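First the structure, in the form of structure tokens, and then the observations on it.
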Amino acid sequence: MASRPELKVDDEVGFIKFFRNLPDQDDDTVRIFDRGDWYTAHGEDATFIARTVYKTTSVLRQLGRDPGLASVTLSITVFRNFLREALFRLGKRIEIWRTTGRMNWKVTKQASPGNLQDIEEDLGGQLESAPIILAVKVSAKASEARNVGVCFADASVRELGVSEFLDNDIYSNFESLLIQLGVKECLLQADGNKKDVELGKLRAIADNCGCAVSERSPADFGNRDIEQDLRRLLKNEKAAGTLPQTDLKLAMSSAAALI
């Protein structure tokens, strides 16, 4: 393995203060800081990368002191290998931050297993096939068939698909759809207490099909503005409001979350 870049940060105190004031991230998101021809990660992300990539926490260095900020450095090659591991095997989301001046750090690239557009170059363009990302919403009443609405996107051909269908209580049709499309990431409504039986079934099916599961708040599945969002996306296509698919309420809720 090539030697690790040395940890050198211009304004340690300023960066530590900036980093510690960042909003909390969810457990599935890893923040990486682009420092030109090398990268760093800090805090819990540094520990995660040390264990995942280097297989030891002895590579951690401390920025500042009392208490220091755990940090790890990555060469470009190691960074690319980590991206593949994190996105394709571990189902993580990645944020890449860059600075345009003194402590002016911003997220410039984001990636998840079903959305790799920002980082195609970083992956070396070696994508076997386009990753498909899919959002799903269900309506289930006891003893009745489940109504399932999905929206999926294939970024490589700029295609958005929607479908609404009936399913049984073990969601056989939904499972078939995930497998046929080769879905890499599945967006579900958040269920903090894991009490929703139907969402639990969908989550288990997505896991079994090797999809990364990302949760979104119920508000993200609101379809009130979906027609104007679709109009903006479709641009030259005929007005979204005249598309027959906009009558598919569950599918439109899924489209709202996906968009």
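The values are calculated or read from the model by the stated rules, or taken from the named source; none is laboratory data. Predicted model only: the values in this text are computed from it and were never measured. Glycine gets a Cβ as well: all are built from the backbone with ideal geometry, and neighbour counts include every protein chain shown. Please note that ligands, DNA and RNA were not included when accessible areas were found on the heavy atoms of the full protein model with its side chains. Shrake-Rupley method; radii C 1.70, N 1.55, O 1.52, S 1.80 Å.
Summary of values
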quantity	calculated
The chain, helix-only ellipticity at 222 nm - DSSP H runs n ≥ 4, -39,500 (n - 2.57), divided by all residues, nearest 500	-7000 deg cm²/dmol
Positive-end extreme of charge dipole, the chain - chosen from Ala86, Phe18, Pro67 (charges on Cβ)	Pro67
Theoretical gain in end-to-end length, Arg98 to Arg65 [0.36 nm per residue, Cα-Cα removed]	9.5 nm
Which of Glu159, Glu164 is most accessible, then next, and so on - probe 1.4 Å	Glu159, Glu164
Coarse-grained scattering of the stretch 85-225 at q = 0.10, 0.16, 0.18 Å⁻¹, given as base-10 log I(q)/I(0) from a Debye sum over alpha-carbon atoms	-0.39, -0.90, -1.08
Residue-normalised accessible area of the chain, expressed per residue, 1.4 Å probe, Å²	56 Å²
Accessible surface of Lys201 - all protein chains present, 1.4 Å probe, nearest 10 Å²	60 Å²
Compactness of the stretch 137-202, expressed as Rg and Dmax over alpha-carbon positions, Å	12.8, 40
Fraction of accessible area attributable to carbon and sulfur, the chain (%, probe 1.4 Å)	45 percent
FRET E, pair Glu144, Asp229, Förster distance 30 Å, beta-carbon r, rounded to 0.05	0.45
Residue among Gly210, Gly200, Gly14 with the largest mean-square fluctuation in a Gaussian network model of the chain, springs linking Cα atoms under 10 Å	Gly14
D_trans [Stokes-Einstein, Kirkwood Rh over alpha-carbon pairs] for the stretch 1-56, 4 °C, 1.567 mPa s, µm² s⁻¹	102 µm²/s
Of every Cα-Cα pair in the chain, the percent that sits beyond 27 Å	46 percent
Accessible-area value, Val59, 1.4 Å probe, nucleic acids and ligands omitted, Å²	10 Å²
Cysteines without a disulfide-compatible partner [the chain; Cβ-Cβ under 4.7 Å]	Cys151, Cys209
Proximal charge balance of Leu60 [Cβ under 13 Å; K/R count +1, D/E count -1]	+2
Rounded, prolate or oblate (a/c below 1.5 giving rounded, otherwise prolate when a/b exceeds b/c) for the stretch 1-151 by Cα gyration tensor	prolate
Virtual spin-label span in nm between Asn208 and Leu166, 7 Å along Cα→Cβ	2.2 nm
